[in-house]
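Just so you know, all these numbers are worked out from the coordinates, no wet-lab data involved. Since this is a predicted model, take the numbers as computed values, not measurements. As a convention, Cβ positions derive from the backbone with ideal geometry for all residues, glycine included, and neighbour counts pool all protein chains shown.
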Amino acid sequence: MALLVIAPTILTEDPAKYKLIIETYHAFVKRAQVDISDGSLAPNITIPDTAVWWPKGWVMDIHMIVAKPSAHVPTLLKLKPNLVVLHPEAEEDLLPIFAALQQHDIKVGVAVMRNMYPGNIRAIIEAADHAMIFSGTLGQTGGTAELLQLEKIRIIKKIKSTIEIGWDGGANLQNIRTIAQAGVNVINVGNAIISAQNPAQMYTDLVEEAEKTGVI
């Protein structure tokens, strides 16, 4: 089984708050995700990709909630994140964009929304390194995890057995072990960590709970 990672997420329209969240996460984070929205696929607009930065040694993923991802490729190539997650709902063919990023050793992922049947995006899944099952509400934190979405893992793995599986939306101490045991490799957690009184301790608690085995 692949190593399980809890990746705190960052979602903000304020560069000062972005810096504050980075500073909060800095003591304990290993891998993180920043959400970038241009207001097309989600109702809100966040900081732009040109304002994204992260500390040396971090593994950073970027979730691009944008209609025209090709326009962001030059900035993404300069940033060189670990992973870029794109949406099939975008106005462009994702496959050439995937190829352009992978050519520069940037992994690519596809966001699988609640109403998306994985079989309908077979070619995208086959080309991707990561499939992020999205159970939340785009552009918002603190959503509810729809655990029935975990059934998509079986379908995605049937299309590409080696793909990394991510989860985004509503993960917390009450459900993270269920999500982990279903076969998710990367669990993105936002509100449960950043709203905790002690974010570092909450992160530790989430990791310990997710790594538990046996009957839930």
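The C-alpha atoms of the chain occupy a region whose extents along the principal axes are 42, 42, 31 Å, arranged from largest to smallest. For region 121-172, what D do you get in µm² per second when you plug the Kirkwood radius from alpha-carbon pairs into Stokes-Einstein at 37 °C and 0.692 mPa s? Value of D from the Cα-based Kirkwood radius: 283 µm²/s. Taking amide H as placed 1.01 Å from N in the peptide plane, Ser135 has its amide H under 5 Å from the amide H of Asp168, Gly169, each at least 5 places away in sequence or on another chain. Rounded to the nearest 5, what is the percent of antiparallel bridges among the DSSP beta bridges in the chain? Beta bridges within the chain, antiparallel portion: roughly 5 percent.
The distance between label points at Leu3 and Ile155 comes to 3.1 nm (points 7 Å beyond Cα on the Cα→Cβ vector).
Out of every Cα-Cα pair in region 88-216, what percent are more than 26 Å apart? Summing the P(r) of region 88-216 above 26 Å gives 25 percent of all pairs.
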